[in-house]
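Reviewing the structure listed below.
The values are calculated or read from the model by the stated rules, or taken from the named source; none is laboratory data. Bear in mind the structure is a predicted one, so any value in this text is a computation, not a measurement. All Cβ positions, even for glycine, are placed from backbone atoms using ideal geometry, and neighbour counts span all protein chains on display. Only protein heavy atoms, including side chains, enter the accessible area calculation; ligands, DNA and RNA are left aside. Shrake-Rupley method; radii C 1.70, N 1.55, O 1.52, S 1.80 Å.
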There are 2 protein chains.
Amino acid sequence: MSLIWIVPVSGVLALLFVAYLAWDVLRRDAGTTEMQGVAATIYEGAVAFIRRQYLTIAALAVVTAIVIGVLVGAFETFSETGVVGAQLGVQTAIAFLVGAAASALSGIIGMFVAVKSNVRTASAARKGVGPALAVALRGGAVSGFLVVGLSLIGVFLMFTAYGGFTQPQDAPFLIVGMGFGASFVALFAQLGGGIYTKAADVGSDLVGKVEAGIPEDDPRNAGVIADLVGDNVGDCAGRGADLFESTVAENIGAMILGVAIFSATKNPDWIFFPLVVRALGLIVSIIGVWVTTSLPGMRLNEGEAPMNPMFRGFALTVVLAAAAMYFVVTALLGNVFFFYAGVVGLLTSVAFFIITMYYTDSRWRPVQSIANASLRGAGPNIITGLAVGFENTAAPVIAVGVALIASFYLGSQAATTLGVAPYVAGVFGTAVATMGMLMPAAFILAMDTFGPIVDNAGGIVEMSGAPEEIRKGTDALDAAGNTTKALTKGYAIGSAALAAFLLFSAYLDKVAAVRQAVANVAANSAQGQQIWTIAHTVDIGKVEVFVGAMLGAALIFLFSSFAIRAVSHVAELIIDEVRRQFREIPGIMEYKNKPDYAKAVDITARGALRAMILPGVLAVAAPIVVGILLRAEAEAALLMVGTITGIILATVMNNGGGAWDNAKKYIESGEFRDEKGNVQAKKSEAHKAAVVGDTVGDPFKDTAGPSVHVLIKLLATITLVLAPLFI
Amino acid sequence: MSLIWIVPVSGVLALLFVAYLAWDVLRRDAGTTEMQGVAATIYEGAVAFIRRQYLTIAALAVVTAIVIGVLVGAFETFSETGVVGAQLGVQTAIAFLVGAAASALSGIIGMFVAVKSNVRTASAARKGVGPALAVALRGGAVSGFLVVGLSLIGVFLMFTAYGGFTQPQDAPFLIVGMGFGASFVALFAQLGGGIYTKAADVGSDLVGKVEAGIPEDDPRNAGVIADLVGDNVGDCAGRGADLFESTVAENIGAMILGVAIFSATKNPDWIFFPLVVRALGLIVSIIGVWVTTSLPGMRLNEGEAPMNPMFRGFALTVVLAAAAMYFVVTALLGNVFFFYAGVVGLLTSVAFFIITMYYTDSRWRPVQSIANASLRGAGPNIITGLAVGFENTAAPVIAVGVALIASFYLGSQAATTLGVAPYVAGVFGTAVATMGMLMPAAFILAMDTFGPIVDNAGGIVEMSGAPEEIRKGTDALDAAGNTTKALTKGYAIGSAALAAFLLFSAYLDKVAAVRQAVANVAANSAQGQQIWTIAHTVDIGKVEVFVGAMLGAALIFLFSSFAIRAVSHVAELIIDEVRRQFREIPGIMEYKNKPDYAKAVDITARGALRAMILPGVLAVAAPIVVGILLRAEAEAALLMVGTITGIILATVMNNGGGAWDNAKKYIESGEFRDEKGNVQAKKSEAHKAAVVGDTVGDPFKDTAGPSVHVLIKLLATITLVLAPLFI
């Protein structure tokens, strides 16, 4: 029984839900005139940056689309299916552009609503934490559901357009260009936004707080609006594009793995399955968000911690997702083992929540050890933070390792019934686990975008001079926002780790498909089977494979270095500009003249856009050059080791950065005491040391870490699309 | 023509040279009574720690030898050669203990002479920089030639004892236990020594300089002797054991690769080759050291930088090594392509010198960028240092990649003449390149141990109140010592990277040999060939292989985390003790009472020994557990990805740490100026920031980085020895 109709239906449902949420948020009270003034300035800066950034990205994307189209077109390899040469090139280029456009669209609209939500959250905070939380979460959900909904609709439409219902075994390979396009846009969006947000943050802090001695978010600081703009362009637009491409790439990868089972069973449901299960994930996430923001008893109760309703909502979503998984597996695959594999994936998402909480929350040893080290100075703070960052790679790797082996084992149990090799069924088991882990993605994305919205709301409340009482409420929400941001980064990297094997296997499938096409044999013929087996056996004893593996690991470190350095570089530009304004515009310090915020925003934007080019081009060019020089097997090693190194280094940077941040916040909270029991809070030596740690953690967790996350997806999609060039 | 007789001859020559050097150094003037007093205290502390450390290691080694003997013995796999079950277990256990004992011996004697050399260097410094340099380099050469000489003699004797001249194809596999034993000792020696030296350094600085406000190396600080002891136990004994095991493991790995060509050609020279070429490397290194310390015109000229004669000596050694390589290749292998491969290896050693200089010397951009960032505070200093550390992984990886591909290609050109597969000849080509790179190893080790000797000499000059003039000389030598330490760490990691492919291939050969033995077929039969091919094809599409790869990468990070954390932990013990002595021993501050140095040394020693256990056991246990649970192919992936990650992370930590250190020294030199052209030197804000960076870099470059270097060798030897368990 095919359930593929659920995909467009759920996609449309999601978009309707998005429209409802957007309408609901926008109709709310937009706050006092002061609040609206601040919000309008942020809005202008964000829109100006996004416009310029996406113009740059569009130009790069069009050039890349043409290059890819020509390169792929030059290889007349898909002769088996009658799709040859030029036609394949054009199809790939179009898929690339569709993916790029949809990714850009979800980033832009999500950010637009987020920017509008922040002032409404600030306004709602006057009525209480509960209403503010509801507005912020609904504003965040716009981004979340738009991303997942658009990705499902996009993949479904491209799949249909490229003959998915007549040639289901070929269509998944034809639409991989879409994943590449989405990753391409996401890379530059995340890099540019990430550099922007941290450069503005660090730059305006250094010149404002340290040099001029004025508080954070002070309106006399010309860089302060750039800082607030940064939260939106980095955390909202960047993350939205990032998760759009993740969700596209992983869906397509899972569909490619379904092709192998389709070859044996001739049942296209194996190819449809990933889309259907994600569609139901979208629907259960809608229920989760609605319940968390509306249902009495489930939504925030009086005096409760803001994280609680979100945890309840997440738990409900996971339980509903498990039920939906059971329904889809029974209906489409008819084999209960895959249901178990899906549950493994859902449990993995819970495991990542727990691991991330442990390493980044001040209630547990890791963050406390950083706070304790701060008593002995900045050096010990940094050393301990790095030790925590390095240590926290082990648990995620073990969790993913167990999930992969368990889901592979469960999948392979179905092999005999299906009449396929245990390997094929096992790999599909890992794909089902990945789809299971991704089912609550929309809910989690809503929580993620909740973070920058409440962060901005706090800034607006502060800058508009609202009373202490309200600020307390937004502070509580801001703390919750920090937790959700850390959790969603952990979830994103966890799903990337789980998906890595799937995408890696999809690359090997693609290599096999191209070789079968070159040899002009059918996939399910004896010779086709043999080609498939050879393509899946990468010989790591070969010297070029070893070199490819080394280059994959080094690429991740070099890319991170460029991203981190870009933040320092742009921060210096901002420092110079804020200094210049203090010097040349008379009366800023006496509130007689406003600083020229737009100029600072403009300089940050130009700097960030220029700085994103080098790491971006490195990320795109390196895998292509290595693939062409060292060929397909070395490229497989580059993909595998690059992905593994990327997952680990991103975990170090994301959670290490989060732990440093929270160690600082823990000290600021006034709850931290030294060995003699004296409270060490703001302005203490320990606090100064913790501030240094936070400065180091910032570009880690908000620029390099998230960008590496996009990079590993980009590696997967580039290699999938350009595999014919490397054969 | 067999040249194997050169091996024992050169080994004995090296030991005679060592005896001559030791005699020459020890007969020199031991300085003033004050100098001798300080030196004696250092000597006592070092000997006390080394005795206790090696007792602990010996106990661990005996237990491990028994466990390995039983495990290996339980697998009656080598039936083809008649060496079965229990006998194999006993042989492996004995080889393990011989390797362990020889490693311990070279560490201990090298450190003993180094400790005696420091006071004589201090004394010679009264006559000038030239004589002091000669004493220090000769003292360092004792360690260098002992390590390389003992390793050659040890491998040669074990090879002979295990039937190398009657069954040359089996003996290399039987003596791999020796490499494991050597790595095992080196791991604990480097960990314990590395934790000791940095904990003492950081701990006594924090409590002495920061809290009590007394200068560095002040005799009132109870931790100061522990600090000086640390240089010897960490940099001398630890590094000596480390390079002993490297040289053993790589020789044995190269001999295993020679077995494959022996199978075809029946010429045992292919198995002897690695030993012979290293023997000649030892002889040319003797010439290099003698020329650098004695020959007028080559030794230090008046007014010359201390690095110059060492560069001249290194250049001479490389040129002589190339000539020797040509001779050995022509005589033994009769194929000039392998000579070219050897030259590739020699050039790689030069490339690593240049890369390391660029990233750690204050003349170039990386260190200057860290100094510039220090103007903006500790946070920017750390961020820039990490960016430099991350960036500096690319050039070494590219250098090794080019060297591997070139030497593989050159080797494979000889395949037709030899009648072997191009793969077999190519892999041997990379082994020849590795042997070429290792030819000047003894010279480089001499330069390495030169570092801690001049460091200690400076401390002795300082503590004994010698005149300013002399201190200037030892300061210049100390700066040169920092350069040589950085260069040799770069060289060590470079040769490890080059050797990684060789050792990885040796593991695959071992897996093939065990499988052939289990199937009871000859290696050169058709079925044997097929088994060999299958064993060399690791399928990275398998889920457990992917998981093994992930675990390999995570292991490196977790191990580094433990090592770094151990330094912090022991440093706290020292801080408490120095504080206690200030409090409880009256009159320390007025020089009326001496602090109890021995007590501080004792506490550091106990702390370091306890702290080395957890990371050490993790390093040994993790690969065994993964191999047993996930089997041989997953273990291959763990080995490959663990090695690659280890090389990269060690490069980050070694060179990042070196760059931070030199940025601080650059600021202290008074040559560094801010944007306005003002000198920023000691006590400036920039200097304070640079000190924080140095504190972070210390455990990186002297504890975790070198320990990871040993860990990757340990992974290689553990997997080689225990391969039968994982089949």
Note down all Cβ pairs under 8 Å where the first residue falls in the stretch A:536-563 and is more than 7 Å from chain B (Cβ to nearest Cβ), the second is at pLDDT below 90 and open to solvent by less than 10 Å² (accessible area, probe 1.4 Å), and they're at least six residues apart or on different chains.
A:Val545/A:Val538
If I filter the stretch B:381-395 down to residues being within 15 Å of B:Gly494 (Cβ to Cβ) and more than 8 Å from chain A (Cβ to nearest Cβ), which single residue comes out as least open to solvent (accessible area, probe 1.4 Å)?
B:Asn392
Considering each residue of the stretch B:654-678, count those that are within 14 Å of chain A (Cβ to nearest Cβ), open to solvent by 70 Å² or more (accessible area, probe 1.4 Å) and free of Cβ contacts under 8 Å to residues at least 40 places away in the same chain, and give that number.
1
Subset of the stretch B:578-595 (residues that are open to solvent by less than 10 Å² (accessible area, probe 1.4 Å) and assigned to a helix (DSSP H, G or I))
B:Val578, B:Gln581
Go through (1) more than 14 Å from chain A (Cβ to nearest Cβ); (2) modelled with pLDDT of 85 or more one by one and return the number of the condition B:Leu508 breaks.
(1)
Matching residues in the stretch B:363-380 - criterion: being more than 11 Å from every other protein chain (Cβ to nearest Cβ) and without any contact (Cβ under 8 Å) to a residue 24 or more places away in the chain:
B:Arg363, B:Trp364, B:Arg365
Of all residues in the stretch B:598-608, count the ones that are open to solvent by 30 Å² or more (accessible area, probe 1.4 Å) and either in contact with a Pro (Cβ under 6 Å, 6 or more places away or on another chain) or modelled with pLDDT of 85 or more (or both).
4
Going by the conditions given, is B:Val202 part of a helix (DSSP H, G or I), at pLDDT below 90 and on the phi < 0 side of the Ramachandran plot?
yes
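Step by step: first the residues of the stretch B:399-422, then only those that are among the polar types (S, T, N, Q) and away from every other protein chain (no Cβ under 11 Å), then the one that is nearest to B:Gly334 (Cα to Cα). Which residue is that?
B:Thr417
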Can you find a residue that is touching a Leu at 6+ places or on another chain (Cβ under 8 Å) and within 14 Å of chain A (Cβ to nearest Cβ) anywhere in the stretch B:590-606?
no
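I'd like the full set of residues that are open to solvent by less than 50 Å² (accessible area, probe 1.4 Å) and farther than 13 Å from A:Ala237 by Cα, limited to the stretch A:49-59. Explain how you work it out, then say what you get.
Within the stretch A:49-59, the first condition is being open to solvent by less than 50 Å² (accessible area, probe 1.4 Å), and the residues that meet it are A:49-50, A:53-54, A:56-58.
Answer for the stretch A:49-59, where residues must be open to solvent by less than 50 Å² (accessible area, probe 1.4 Å) and farther than 13 Å from A:Ala237 by Cα: A:Thr56, A:Ile57, A:Ala58.
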Those residues of the stretch B:406-459 which are open to solvent by less than 10 Å² (accessible area, probe 1.4 Å) and part of a loop (DSSP other than H, G, I, E, B), in sequence order
B:Ala414, B:Met439, B:Pro440
Matching residues, the stretch B:528-546, being open to solvent by 50 Å² or more (accessible area, probe 1.4 Å) and assigned to a loop (DSSP other than H, G, I, E, B):
B:Lys542
Being out of contact with any helix residue (DSSP H, G or I) (no Cβ under 6 Å at 6 or more places or on another chain) and of a type in the set (A, V, I, L, M, F, W, C) is the filter here; which residues of the stretch A:134-163 pass it?
A:Leu157, A:Ala161
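To keep it simple, each residue is scored yes or no on (1) modelled with pLDDT of 85 or more; (2) open to solvent by less than 30 Å² (accessible area, probe 1.4 Å); (3) within 30 Å of A:Asp509 (Cα to Cα).
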residue	(1), (2), (3)
A:Val229	yes, yes, no
A:Asn251	yes, yes, yes
A:Met255	yes, yes, yes
A:Glu304	no, no, no
Could you tell me which numbered condition A:Ser568 fails, if it satisfies all but one of (1) hydroxyl-bearing (Ser, Thr, Tyr); (2) closer than 29 Å to A:Gly697 by Cβ; (3) within 13 Å of chain B (Cβ to nearest Cβ); (4) open to solvent by less than 10 Å² (accessible area, probe 1.4 Å)?
(4)
Checking A:Gly473, A:Gly494, A:Gly490 in turn, the sole residue that is away from chain B (no Cβ under 14 Å), among the small types (Gly, Ala, Ser) and open to solvent by less than 10 Å² (accessible area, probe 1.4 Å) turns out to be A:Gly490
List pairs: first residue in the stretch A:424-438 and over 16 Å from A:Ala264 (Cα atoms), second residue open to solvent by less than 10 Å² (accessible area, probe 1.4 Å) and basic (Lys, Arg) anywhere in the structure, Cβ distance under 8 angstrom, at least six positions apart or on different chains.
A:Met435/A:Arg278; A:Leu438/A:Arg278
Filtering the stretch B:335-359 down to residues that are open to solvent by less than 10 Å² (accessible area, probe 1.4 Å), closer than 20 Å to B:Thr651 by Cβ and in contact with a Pro (Cβ under 9 Å, 6 or more places away or on another chain) yields B:Ser349, B:Phe352, B:Thr356
Condition test on A:Val427, is it farther than 26 Å from A:Ala30 by Cβ and within 14 Å of chain B (Cβ to nearest Cβ)?
yes
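Residues are listed down the side, and each one gets a yes or a no for (1) in contact (Cβ under 8 Å) with a residue 60 or more places away in the chain; (2) open to solvent by 10 Å² or more (accessible area, probe 1.4 Å); (3) closer than 18 Å to B:Ser495 by Cα:
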{"residue": "B:Gln680", "(1), (2), (3)": "yes, yes, no"}
{"residue": "B:Ser684", "(1), (2), (3)": "no, yes, no"}
{"residue": "B:His687", "(1), (2), (3)": "yes, yes, no"}
{"residue": "B:Val692", "(1), (2), (3)": "yes, yes, no"}
{"residue": "B:Pro699", "(1), (2), (3)": "yes, no, no"}
{"residue": "B:Gly705", "(1), (2), (3)": "yes, no, yes"}
{"residue": "B:Val710", "(1), (2), (3)": "yes, no, yes"}
{"residue": "B:Leu714", "(1), (2), (3)": "yes, no, yes"}
{"residue": "B:Leu720", "(1), (2), (3)": "yes, no, no"}
Kindly indicate whether any position in the stretch B:117-134 is open to solvent by 10 Å² or more (accessible area, probe 1.4 Å), in a helix (DSSP H, G or I), within 14 Å of chain A (Cβ to nearest Cβ) and in contact with an Asp or Glu (Cβ under 8 Å, 6 or more places away or on another chain).
no
What are the residue pairs meeting all of these: first residue in the stretch A:617-634, first residue more than 12 Å from A:Leu555 (Cα to Cα) and of a type outside the set (S, T, N, Q), second residue open to solvent by 20 Å² or more (accessible area, probe 1.4 Å) and in a helix (DSSP H, G or I), Cβ atoms under 6 Å, and 6 or more apart or on different chains?
A:Leu630/A:Glu544; A:Ala634/A:Glu544
Whether any residue in the stretch B:160-169 is closer than 28 Å to B:Pro623 by Cβ and surrounded by 24 or more Cβ atoms within 10 Å (Cβ to Cβ) is what I want to check.
yes
Kindly evaluate A:Val207 against the criterion of being of a type in the set (Val, Ile, Thr), in a helix (DSSP H, G or I) and in contact with a Lys or Arg (Cβ under 9 Å, 6 or more places away or on another chain).
yes
